[in-house]
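Input: a single structure, listed below in structure tokens.
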Amino acid sequence: MTKTNLARTLREPAELVAADLAPATALPTLERVAARYAVAITPALAQLIDTSDPDDPIARQFVPTAAELQMQPGESADPIGDHPHSPVTGIVHRYPDRVLFKLVHVCAVYCRFCFRREMVGPGKENALSDSAYLAAIDYIRAHSEIWEVILTGGDPLMLSPRRMSEIMADLAGIDHVKIVRLHTRVPVADPARISDEMVAALQVEGATTWVALHANHARELTGPARAACARLVDAGIPMVSQSVLLRGVNDNVAALSDLMRAFVECRIKPYYLHHGDLAPGTAHLRTTLAHGQELMRQLRGRVSGLCQPDYVIDIPGGAGKSPVGPNYVLAAPNTAAHAGDTVTETRYRIVDYCGDVHLYPPET
């Protein structure tokens with residue numbers, strides 16, 4: 001069912017065809033896609049793809065398709081507006097107390113829905129120059145309101161443990177930086193990179209390290225991936241998750257339930273479920289907000305509270321994230337008056353996960 005003995009990352013359309021991940025007839029089109037957007041599928045993920053299933057959710061995330069050449073109105077090379085909030089190269093300072101620090105522009109695997117797909121991969125700069133890195137550190141040091149630094153890119157865990165250790169020490173040496181958070185796919189895409197040396201590099205005095213794991217389907221959390229996550233958690237590094245709601249991957253309540261439960265089993269707290277960004281050529285993977293809200297309503301009644309992520313959208317243009325989950329509280333047309341010293345309280349209609357309506361406070 002799945003591919004085996006794939007010893008190296010697949011990067012060329014011809015390699016995808018040879019590995020039976022794409023038909024030979026698609027080769028000319030895939031070459032056009034690869035000329036614009038980076039392609040890479042690691043052995044760990046390639047082996048998960050069921051080549052007998054044309055709708056395989058793992059393939060849908062990583063195998064390029066002709067649909068990526070179809071642009072839709074509203075799509076943008078910078079869909080969440082990083083650029084207007086970038087005071088120096090590598091830094092995005094959108095919120096007062098935290099910054100994104102984009103160290104590298106390479107990933108272990110390239111997602112077909114990536115909101116930074118125009119900025120990463122072959123033909124782009126691989127990492128910050130030494131001078132840009134120092135300028136970014138100076139910016140963080142000069143802004144005492146920055147409490148958290150979020151390492152992103154690209155994928156920061158593509159750096160060597162030695163370099164990662166240097167960066168962590170630089171950040172922990174800034175008095176007002178208390179949290180360093182890394183956003184990564186490496187534990188699922190290349191679990192062996194989460195070595196004892198890498199784990200040690202992430203542990204630093206003076207700041208608390210968090211790791212946010214990106215995964216979108218429960219099958220990504222294989223035995224090796226779970227072991228990689230356990231190495232981080234056992235070392236005292238807390239983990240949260242982030243996922244993207246993707247059509248044909250996890251846009252049904254069973255798939256979302258399995259994914260969120262898998263995170264919790266790995267001691268990873270579900271954090272964000274992102275609505276798909278308006279990145280170029282990704283319309284075929286986006287759902288509607290209404291569908292996402294309905295899925296969140298179903299998830300609320302189906303799985304433990306530990307398994308509930310926040311459903312959020314990055315507002316196009318750079319206004320930041322906003323929760324867009326279903327609203328369970330609706331003002332009722334009447335109020336309940338109380339005698340004595342108690343105040344008059346508006347009555348509400350509370351919608352449960354089944355869609356049934358209940359009055360609060362209840363009628364007496």
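The values are calculated or read from the model by the stated rules, or taken from the named source; none is laboratory data. Just so it is clear, the model here is predicted, and its values are computed rather than measured. Positions of Cβ are backbone-derived with ideal geometry, glycine not excepted, and every protein chain shown enters the neighbour counts. Heads up: the accessible areas ignore ligands, DNA and RNA and are worked out on the full protein's heavy atoms, side chains in. Shrake-Rupley method; radii C 1.70, N 1.55, O 1.52, S 1.80 Å.
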Next on the checklist: So for the range 177-194 (the condition being touching a strand residue (DSSP E or B) at 6+ places or on another chain (Cβ under 7 Å) and over 27 Å from Val264 (Cβ atoms)), does at least one residue qualify?
Outcome noted: yes
Could you tell me whether Pro79 is of a type outside the set (D, E, K, R), open to solvent by less than 30 Å² (accessible area, probe 1.4 Å), modelled with pLDDT under 95 and part of a loop (DSSP other than H, G, I, E, B)? yes
Given (1) open to solvent by 40 Å² or more (accessible area, probe 1.4 Å); (2) assigned to a helix (DSSP H, G or I); (3) touching a helix residue (DSSP H, G or I) at 6+ places or on another chain (Cβ under 9 Å), Pro84 misses just (3)
Taking first residues from the range 143-165 that are in contact (Cβ under 8 Å) with a residue 40 or more places away in the chain and second residues anywhere that are small (Gly, Ala, Ser) and buried (at least 24 other Cβ atoms within 10 Å of the Cβ), the pairs with Cβ under 9 Å that are 6 or more apart or on different chains are Asp155/Ala189
- request: Can you confirm whether the range 14-31 contains a residue that is more than 26 Å from Asn250 (Cβ to Cβ), surrounded by fewer than 21 Cβ atoms within 10 Å (Cβ to Cβ) and charged (D, E, K, R)?
  value: yes
Against the definition (under 18 Å from Thr89 (Cα atoms) and open to solvent by 50 Å² or more (accessible area, probe 1.4 Å)), how does Ser165 come out, yes or no? no
Flagged pairs (Cβ under 7 angstrom, 6 or more apart or on separate chains; first in the range 117-139, under 11 Å from Thr89 (Cα atoms) and at pLDDT 95 or above; second buried (at least 18 other Cβ atoms within 10 Å of the Cβ) and among the β-branched types (Val, Ile, Thr)) are Ala136/Ile91; Tyr139/Ile91
By residue number, the members of the range 297-319 that are surrounded by 14 or more Cβ atoms within 10 Å (Cβ to Cβ), touching a Phe, Trp or Tyr at 6+ places or on another chain (Cβ under 7 Å) and in contact (Cβ under 8 Å) with a residue 40 or more places away in the chain are Arg297, Gln298, Arg300, Pro309, Val312
Looking across the range 104-162 at residues that are assigned to a loop (DSSP other than H, G, I, E, B) and aromatic (Phe, Trp, Tyr), the single one that is surrounded by the fewest Cβ atoms within 10 Å (Cβ to Cβ) is Trp147
Assess whether Leu171 counts as being closer than 26 Å to Arg8 by Cα, hydrophobic (A, V, I, L, M, F, W, C) and crowded, with 17+ Cβ neighbours inside 10 Å. no
If we ask which residues in the range 175-196 are assigned to a loop (DSSP other than H, G, I, E, B) and either among the charged types (D, E, K, R) or touching an Asp or Glu at 6+ places or on another chain (Cβ under 6 Å) (or both), their number turns out to be 4
Of the residues in the range 230-246, those that are open to solvent by 10 Å² or more (accessible area, probe 1.4 Å) and part of a helix (DSSP H, G or I) come to Ala230, Arg231, Val233, Asp234
Of the residues in the range 261-274, those that are in a helix (DSSP H, G or I), crowded, with 23+ Cβ neighbours inside 10 Å and in contact with a Leu (Cβ under 7 Å, 6 or more places away or on another chain) come to none
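So for the range 283-292 (the condition being among the aliphatic types (A, V, I, L, M) and buried (at least 21 other Cβ atoms within 10 Å of the Cβ)), does at least one residue qualify? Step through it out loud before you land on a result.
As a first pass, look at the range 283-292 and keep what is among the aliphatic types (A, V, I, L, M): 283, 285, 289-290.
Narrowing further to those that are buried (at least 21 other Cβ atoms within 10 Å of the Cβ): 285.
The answer is yes; a qualifying residue exists.
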Flagged in the range 141-165 as under 17 Å from Ser195 (Cβ atoms) and of a type outside the set (Lys, Arg), in numbering order, are Asp155, Pro156, Leu157, Met158, Leu159, Ser160, Pro161, Met164, Ser165
Of the residues in the range 52-75, those that are of a type in the set (Ser, Thr, Tyr) and surrounded by 15 or more Cβ atoms within 10 Å (Cβ to Cβ) number 1
When the range 35-48 is checked residue by residue, the ones that are assigned to a helix (DSSP H, G or I) and surrounded by 21 or more Cβ atoms within 10 Å (Cβ to Cβ) are Ala44, Leu45, Ala46
